[in-house]
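Chemist: Here's a structure for you.
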Amino acid sequence: MLQQIGLVASQVGTLFLMMGVGFLLAKLGRITREGLSQMTGLLLSVVIPCLLVDSLQTERTPALLAAMGSAALVSALLYAAYCVLVIPLFPRQNPDTRAPLRFGVLYGNVGFMGLPLIAAVLGEDGMVYATVIFVMFNLYNWSHGVVFMGGRENFSLRRTLLNPGIIATVLGLVFFFAGFTLPSMVGDAVSFLG
């Protein structure tokens, strides 16, 4: 148990050191707001989708399918419960502040920090489950989250379903269920980018 706690602490420390480098580069003017925006776009459009596809490059077994289905059901139910539980939070804040605060509580940083941490601590086996949970996060974030922050008029089913995380997951699941493994050169590139 202490070994696992040490591993998690070590990985979190590594992530914070990496964030510290980014912070220092920003303070020194080496990373601009435009550059930060471009890096965020790169993470959302390339890195996380590659990580998701790569995590599903594993052998499909009945036990794994059952576990993935359970993970999908549990995470969908948890997010539904979270959507209700967040409603009474921050009652004294004005509505313009209340919505972002509730959104921040509800939709944590499962992508930028969560996925690398899971990959480091649990390895490839854990990433399969993380991918399932990330799909639920994306579906809720791009539907409920958009309505929550901007109202129903800002909701778009197209944006919900056609974001890089969902597209990569669908592609990864197609490969997973078809038993298709990426050719080694492509698979290595996807893995390294992820």
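Chemist: Consider Ile87 carefully, then state whether it is open to solvent by less than 60 Å² (accessible area, probe 1.4 Å), of a type outside the set (Gly, Ala, Ser), more than 22 Å from Ala189 (Cα to Cα) and outside any helix (DSSP H, G or I).
Modeler: The answer is no for Ile87.
Chemist: From the list Met149, Met127, Met136, Met185, pick out the single residue that is at pLDDT below 85 and open to solvent by 30 Å² or more (accessible area, probe 1.4 Å).
Modeler: Unique residue meeting the criteria: Met149.
Chemist: Does any residue in the range 118-144 that is within 14 Å of Ser75 (Cβ to Cβ) and part of a helix (DSSP H, G or I) come within less than 6 Å, Cβ to Cβ, of a residue that is open to solvent by 40 Å² or more (accessible area, probe 1.4 Å) and modelled with pLDDT under 80 six or more places away or on a different chain, and which pairs are these?
Modeler: Close Cβ pairs (under 6 Å, with a partner that is open to solvent by 40 Å² or more (accessible area, probe 1.4 Å) and modelled with pLDDT under 80) amount to Phe137/Val110.
Chemist: Here's a follow-up. Output the residues belonging to the range 55-69 that are surrounded by 12 or more Cβ atoms within 10 Å (Cβ to Cβ) and either more than 14 Å from the chain's Cα centre (by Cα) or not in a helix (DSSP H, G or I) (or both).
Modeler: Matches in the range 55-69: Leu56, Gln57, Thr58, Arg60, Leu64, Leu65, Ala67, Met68.
Chemist: Just to verify a result, which residue in the range 1-49, among those that are assigned to a helix (DSSP H, G or I) and hydroxyl-bearing (Ser, Thr, Tyr), is surrounded by the most Cβ atoms within 10 Å (Cβ to Cβ)?
Modeler: Ser45
Chemist: Find all pairs meeting these conditions: Cβ atoms under 8 angstrom apart; at least six residues apart or on different chains; first residue within the range 34-53 and among the basic types (Lys, Arg); second residue open to solvent by 80 Å² or more (accessible area, probe 1.4 Å) and in a helix (DSSP H, G or I).
Modeler: none
The values are calculated or read from the model by the stated rules, or taken from the named source; none is laboratory data. Because the structure is predicted, anything quoted here is derived from the model rather than measured. Using ideal geometry, Cβ is built from the backbone for each residue, glycine included, and neighbour counts are taken over all protein chains shown. The area values use the complete protein model at the heavy-atom level, side chains included, leaving out ligands, DNA and RNA. Shrake-Rupley method; radii C 1.70, N 1.55, O 1.52, S 1.80 Å.
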